[in-house]
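Everything below concerns the one structure shown next.
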Amino acid sequence: MSLDYVKFSPGFDKFMPKEYKDMVEHGPFGKKTTVSQMGSFKEILEEHPMCAGCAMTLFIRLAMISFPNPEDTITVGTAGCGRLAISQAAIPFVYGNYGDQNGVASGLSRGLRLRFGDKPKDVVVMAGDGGMADIGFSCTLHSWFRKEKFTTIMLDNEVYGNTGGQESGMTNKGAVLKMAPLGKKFEKMDMLAMAKSAGCAYVATVVPNNPRRVEAVIKKAVLIAREIGPTYIQAYTSCNIEYAIPTDKVMEDAKNVEGDRYQFTEYVTDEAKQFLAERYGYKEFLPKPAPAVTKA
Amino acid sequence: MYLVADINVDICAQTSCKLCTQFCPEANTILYNDQAGRDKGYKYGAAYVAVDRCKGCAQCVWVCDNMAKHNAIKMIMIDQLPNAAITDNIVYGEKSTTAVLAGPAVG
C-alpha cells in the first residue's frame, strides 16, 4: 500500500522476471497515466485467461489505467469472469465468497481509514451482474444504505457467462440463452434507480467503446468515494460467447447497444460536485459565474 | 497455426491516432513506438503487436477499419510474419517503447 511494495529487494533485481522489472521501472505507480499514453508504459494488468475479444477485459484494462492512485488501491471481487483478469494485476485483489464483495469492501474501507487516517486508500469493487444484482444483492444495497465510502463497479454482461449462460437479474426481458431457452420473463433490474434512492453520491452508466469517457467516469467515482459516499458505475461489457457476437464485432455491438439501451448517463449529487470542484479542480462543476450586467 | 494482428507501418505512421492501443482487450499487446515511422521519413511513430500476447480477436482490425478508417491492420498467420515483436524483446523507454524484431518462434 505504498510505492515501496513495487521495488526490488536489494540483491534480487537481476533474478526477477522481465515483466516485474518493467513494472518497477516503467509502471504507472507514482505517475499520472492516462488512456492516451496506452502502449507506452507497462500496465498494471498482466496476461490473463479471459476469452479472446472480451469487452469485459477491455473495460477492466481501462479501469486499471484510470485509477487515480494505483499504488493506494485495492480491488475486491467475487466469482465470475471478471476476477480472472482483475486478479492478474499488480495491485492487491481480495476475493470474497460469492456475493459478499460489498460486505468485505465495507470492512476493508473502514479498516484502511482507521489505519491510515486522512491518507486516501481507495477500495474498488468490481464484480459481475450475478454477483452484484442477484447473489450479492443484499450486501450491495446495504453497503449503499450504510453510506460506505468505496466504489462499486458492475461488469454487466447480462448473463451468467462463467457457468454456461443462465439468465441473471440484469438480463433483458425476452433474451433467449443456452440455459434459459424459453426466454427471460421479467424486466432487467433497474440498479441505477436503486443506487440513487439508496444514497449513492455518483451513479453512471458507461460502455467501453469510449476509453476517455471510461477514464473520466472511474476517476470521478473513485475520488468522490474517498470522502463523500458510495459511488456506483454500471458498465456494459458484452459476453461474446453467450450472446454469440463475433470477436471482431464486439465494439460494433457495444456501439449499437450504447445507442439503444445503454446510453451514457451520469448522476452526481451537489455535495459531490462541490467536492470535485474544490478539491480536485473539476472545472465542469465549478459554480457558473453570474452573467455580466450590460448597460442598455 | 493461428492468426495474429499485423500493423502496416507505412499507413500507421501517417497519423497519430493510437486508437488500436486503447481498444485491445489484452494489456501491453499493442504498443507504440514513436520512432518507428520517423525512421522511414513519416511524421509520426507507429503501433506494433507483441505477437506472443495477441489472442487473435481482431477487435483492432474493426477499430482501425471503422473508427479510424485507416485500414492499417490485417490478421495474418503467425508463421507468415517475417519479423515480429515478442514481449522478451520489448524495451520500455520514458514515453515510448521499442522492440527488437525477430522471426517469431513457432513450435
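The values are calculated or read from the model by the stated rules, or taken from the named source; none is laboratory data. None of the values given here were measured: they were computed from a predicted structure. Note: ideal-geometry Cβ built from the backbone for every residue, glycine included; neighbour counts use all protein chains shown. Surface accessibility is based on the protein's heavy atoms, side chains included, excluding ligands, DNA and RNA. Shrake-Rupley method; radii C 1.70, N 1.55, O 1.52, S 1.80 Å.
A few comments on the model shown:
- For the stretch A:150-164, a residue qualifies if it is part of a loop (DSSP other than H, G, I, E, B) and surrounded by fewer than 24 Cβ atoms within 10 Å (Cβ to Cβ), and exactly one does: A:GLY164.
- Set A:LEU62, A:LEU108: member being at pLDDT 95 or above and facing another protein chain (nearest Cβ under 9 Å): A:LEU62
The rows are residues; the columns are (1) modelled with pLDDT of 95 or more; (2) surrounded by fewer than 23 Cβ atoms within 10 Å (Cβ to Cβ); (3) in contact with a Pro (Cβ under 8 Å, 6 or more places away or on another chain).
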site	(1), (2), (3)
B:TYR2	no, yes, no
B:ILE11	yes, yes, no
B:SER16	no, yes, no
B:CYS24	yes, no, no
B:ILE30	yes, no, no
B:ASP34	no, yes, no
B:GLY41	no, yes, no
B:GLY45	no, no, no
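- Residue that is farthest from B:TRP62 (Cα to Cα), among those in the stretch A:261-283 that are at pLDDT below 95 and loosely packed, with under 10 Cβ neighbours inside 10 Å: A:GLY281
- When restricted to residues that are touching a Phe, Trp or Tyr at 6+ places or on another chain (Cβ under 9 Å) and either closer than 16 Å to A:ALA133 by Cα or assigned to a strand (DSSP E or B) (or both), the stretch A:83-103 contains 3.
Yes/no matrix, rows are residues, columns are (1) touching a residue at least 40 places away in the same chain (Cβ under 8 Å); (2) open to solvent by 40 Å² or more (accessible area, probe 1.4 Å):
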{"position": "A:LYS42", "(1), (2)": "no, no"}
{"position": "A:ALA63", "(1), (2)": "yes, no"}
{"position": "A:ASP72", "(1), (2)": "yes, no"}
{"position": "A:PRO92", "(1), (2)": "yes, yes"}
{"position": "A:TYR95", "(1), (2)": "no, yes"}
{"position": "A:PHE116", "(1), (2)": "yes, yes"}
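- Residue in the stretch A:139-154 that is touching a Phe, Trp or Tyr at 6+ places or on another chain (Cβ under 7 Å) and of a type in the set (A, V, I, L, M, F, W, C) present: no
- Within the stretch A:46-59, considering residues that are of a type outside the set (D, E, K, R) and more than 14 Å from the chain's Cα centre (by Cα), the one farthest from the other protein chains (Cβ to nearest Cβ): A:PRO49
- Filtering the stretch A:9-39 to residues that are more than 12 Å from chain B (Cβ to nearest Cβ) and not acidic (Asp, Glu) leaves A:SER9, A:PRO10, A:GLY11, A:PHE12, A:LYS14, A:PHE15, A:MET16, A:TYR20, A:PHE29, A:GLY30, A:LYS32.
- Some residue of the stretch A:165-176 being surrounded by fewer than 24 Cβ atoms within 10 Å (Cβ to Cβ) and either assigned to a helix (DSSP H, G or I) or touching a Ser or Thr at 6+ places or on another chain (Cβ under 9 Å) (or both): no
- The selection criterion, being closer than 23 Å to A:LYS255 by Cβ, crowded, with 18+ Cβ neighbours inside 10 Å and of a type in the set (A, V, I, L, M), holds for B:VAL63.
- Criterion: among the small types (Gly, Ala, Ser) and touching a residue at least 40 places away in the same chain (Cβ under 8 Å) - qualifying residue of A:ALA175, A:ALA133: A:ALA133
- Options A:SER36, A:SER106, A:SER87: the member that is open to solvent by 10 Å² or more (accessible area, probe 1.4 Å), more than 30 Å from A:ILE241 (Cβ to Cβ) and of a type in the set (Gly, Ala, Ser): A:SER36
- Considering the stretch A:66-92, the residues that are under 11 Å from the mean Cα position of the chain (by Cα) and β-branched (Val, Ile, Thr) include one that is nearest to A:LYS31 (Cα to Cα), namely A:THR75.
- The number of residues in the stretch A:9-66 that are closer than 27 Å to A:VAL125 by Cβ, part of a loop (DSSP other than H, G, I, E, B) and of a type outside the set (Phe, Trp, Tyr) comes to 20.
- Condition met for A:PHE59 (among the aromatic types (Phe, Trp, Tyr), touching a Leu at 6+ places or on another chain (Cβ under 7 Å) and open to solvent by 10 Å² or more (accessible area, probe 1.4 Å)): no
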